[in-house]
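Data first, discussion second: the structure below is written as structure tokens.
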Amino acid sequence: MEQKLLSPNELAEMWGVSVYTIHRLANGKSGLKAYKVGSLTRFKPSDVEAYLSANEIKAPEKPRSFACERFTYKPGMKVVSL
């Protein structure tokens, strides 16, 4: 178990956010696990990775189009827009 624990300042620098944001995530119900070492707050790198993968934003799936793919126009048809 040779993991170096990260301080809130180190984590904030890694993520490019403020230290306040790190403390808010650690003290809230967001799921970012923090550990108290004496009076200091520390984070395990494995917990940080787990938090990031749990909060990943996935691209929305492309919606299926209507049956217009099979539509072919025939001369004389009335075309109505939806």
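The values are calculated or read from the model by the stated rules, or taken from the named source; none is laboratory data. These numbers were taken from a predicted model, which means no experiment stands behind them. Here the Cβ positions follow ideal geometry from the backbone for every residue, glycine too, while neighbour counts run over all protein chains shown. Calculation scope for accessible area: heavy atoms of the full protein, side chains included, ligands and nucleic acids excluded. Shrake-Rupley method; radii C 1.70, N 1.55, O 1.52, S 1.80 Å.
Values for this structure:
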quantity	calculated
Selection within segment 1-22 - hydroxyl-bearing (Ser, Thr, Tyr) and in a helix (DSSP H, G or I)	TYR20, THR21
Selection status of LEU25, at pLDDT 95 or above, of a type outside the set (D, E, K, R) and either open to solvent by less than 100 Å² (accessible area, probe 1.4 Å) or not in a strand (DSSP E or B) (or both)	no
Any hit, segment 28-40, residues being aliphatic (A, V, I, L, M) and touching a helix residue (DSSP H, G or I) at 6+ places or on another chain (Cβ under 6 Å)	yes
Where a residue in segment 31-54 is surrounded by 11 or more Cβ atoms within 10 Å (Cβ to Cβ) and its partner, wherever it lies, is in a strand (DSSP E or B) and among the aliphatic types (A, V, I, L, M), with Cβ under 8 Å and at least six apart	ARG42/LEU6; PHE43/LEU6; LYS44/LEU6; PRO45/LEU6; VAL48/LEU6
In segment 28-82, the residues that are modelled with pLDDT of 85 or more and of a type in the set (Val, Ile, Thr)	VAL37, THR41, VAL48, ILE57
